[in-house]
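Report on the structure given below.
The values are calculated or read from the model by the stated rules, or taken from the named source; none is laboratory data. Owing to the predicted nature of the structure, the values given are computational and were not obtained by experimental measurement. Please note: Cβ atoms are built from the backbone with ideal geometry, for glycine as well, and neighbour counts cover all protein chains shown.
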Amino acid sequence: MAGTQEVYDLVVRGKAKLITAAVNEALEDGGDPTELLNSMISAMDEVGVKFKNGEIFVPEMLVAARAMKKGVEVLKPHLATGVAGAAGKVIIGTVAGDLHDIGKNLVAMMLESAGFEVIDLGVDVPKEKFVETYEANPDTKIVCCSALLTTTMPALKEAVALLNESPFRSKIKVMVGGAPITQEFADEIGADAYTEDAASCAQKAKELAAAM
């Protein structure tokens, strides 16, 4: 009999092939969809802690996030509308001139795992696109911009500057990240938060959204 504990363990171990059957079985056994979702979110929290402590690395984190995604797909029809995006909406993208997406994709998966609805703009995103996407989705709480190269740090600065000048600035939190980015740089360009990895980003986003 599959239950929340088994689903939790499968996510932690990144068993994407087994998760669909386990979630379906748990639902057939009368499992509560929200409890199952919460157990997967807790599992990703554990994965995040292990990653921060250096017990696991990016590949393990990716497989866990993939397993979670598969599990959530099974749960979606059973969840009260909106539970999967209950934490709020996040816009994410890699800034203009930057084609790196592995880190950004991992952050997007971790944010989804933390209960956010994620609007992923992809890579090489012009600064105006962040603003336009917010205007089309005014219930967005957080805008995440990433730069993975020192040469695209100025584009990140410009994107944040444009967001800072926008009339809706007080309604959002701007988060930045990427290999060359530091807390000092984030402060200098006027971002609300900087995190050094995907697990920290999901955690910080939860805190920021909850405080809004």
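What are the residues in region 126-149 that are farther than 20 Å from Cys201 by Cα and part of a helix (DSSP H, G or I), if any?
Lys127, Glu128, Lys129, Val131, Glu132, Thr133, Glu135, Ala136
Please verify whether Ala64 is in the same structural domain as Lys17 (by TED's automatic domain parsing) and either in a helix (DSSP H, G or I) or closer than 15 Å to Ser200 by Cα (or both), treating the condition exactly as stated.
Here the answer is yes, as Ala64 does meet what is asked.
Go over the candidates Val47, Val58, Val11, Val63 one by one and state the one that is exposed (fewer than 15 other Cβ atoms within 10 Å of the Cβ) and either under 24 Å from Lys104 (Cα atoms) or touching a strand residue (DSSP E or B) at 6+ places or on another chain (Cβ under 6 Å) (or both).
The unique qualifying residue is Val58.
Yes or no: region 86-95 includes at least one residue that is surrounded by 23 or more Cβ atoms within 10 Å (Cβ to Cβ), at negative phi and free of Cβ contacts under 8 Å to residues at least 40 places away in the same chain.
No, because not a single residue in region 86-95 is surrounded by 23 or more Cβ atoms within 10 Å (Cβ to Cβ), at negative phi and free of Cβ contacts under 8 Å to residues at least 40 places away in the same chain.
Which one is surrounded by the most Cβ atoms within 10 Å (Cβ to Cβ) among residues in region 96-129 that are small (Gly, Ala, Ser) and either modelled with pLDDT of 95 or more or more than 8 Å from the chain's Cα centre (by Cα) (or both)? Write out each step before concluding.
To start, the set of residues in region 96-129 that are small (Gly, Ala, Ser) comprises 96-97, 103, 108, 113-115, 122.
Next cut, either modelled with pLDDT of 95 or more or more than 8 Å from the chain's Cα centre (by Cα) (or both) only: 96-97, 103, 115, 122.
On the way: Ala96: 19, Gly97: 16, Gly103: 18, Gly115: 22, Gly122: 13.
Selected residue: Gly115.
Being assigned to a helix (DSSP H, G or I) and without any contact (Cβ under 8 Å) to a residue 24 or more places away in the chain is the filter here, so list the residues in region 150-173 that pass it.
So in region 150-173, the residues assigned to a helix (DSSP H, G or I) come out as 150-165, 169-171.
Correct list: Pro154, Glu165, Arg169, Ser170.
Inspect region 14-30 for any residue being outside any helix (DSSP H, G or I) and within 22 Å of the chain's Cα centre (by Cα) and give the result as yes or no.
yes
Would you pick out the residues in region 105-125 that are among the polar types (S, T, N, Q) and either in contact (Cβ under 8 Å) with a residue 40 or more places away in the chain or in a loop (DSSP other than H, G, I, E, B) (or both)?
Ser113
Does region 79-88 contain at least one residue that is within 23 Å of Val143 (Cβ to Cβ), at pLDDT 90 or above, touching a strand residue (DSSP E or B) at 6+ places or on another chain (Cβ under 8 Å) and not hydroxyl-bearing (Ser, Thr, Tyr)?
Looking for residues that are within 23 Å of Val143 (Cβ to Cβ), at pLDDT 90 or above, touching a strand residue (DSSP E or B) at 6+ places or on another chain (Cβ under 8 Å) and not hydroxyl-bearing (Ser, Thr, Tyr), one finds at least one in region 79-88, hence yes.
Considering only region 171-194, I want to know if a residue exists there that is among the acidic types (Asp, Glu) and under 14 Å from the mean Cα position of the chain (by Cα). I'd like the intermediate steps shown before the answer.
First, pick out the residues of region 171-194 that are among the acidic types (Asp, Glu): 184, 187-188, 192.
From the residues that got through so far, the ones that are under 14 Å from the mean Cα position of the chain (by Cα) too are none.
Scanning region 171-194, I find no residue that is among the acidic types (Asp, Glu) and under 14 Å from the mean Cα position of the chain (by Cα), so the answer is no.
Which residues, taken from region 140-170, are within 20 Å of the chain's Cα centre (by Cα) and modelled with pLDDT of 95 or more?
Thr140, Lys141, Ile142, Val143, Cys144, Cys145, Ser146, Ala147, Leu156, Ala159, Val160, Leu163
Consider only pairs whose beta carbons are under 7 Å apart and that are at least six residues apart or on different chains; among these, list those whose first residue lies in region 1-28 and is at positive phi and whose second residue is in a helix (DSSP H, G or I) and crowded, with 22+ Cβ neighbours inside 10 Å.
From residues that are at positive phi, the pairs are Gly14/Ala64; Gly14/Ala67.
For region 174-189, what are the residues that are in contact with a Lys or Arg (Cβ under 9 Å, 6 or more places away or on another chain) and either surrounded by fewer than 21 Cβ atoms within 10 Å (Cβ to Cβ) or more than 20 Å from Glu135 (Cα to Cα) (or both)?
At the first step, the residues of region 174-189 found to be in contact with a Lys or Arg (Cβ under 9 Å, 6 or more places away or on another chain) are 175, 177-178, 185, 188-189.
Passing the criteria: Gly177, Gly178, Phe185, Glu188, Ile189.
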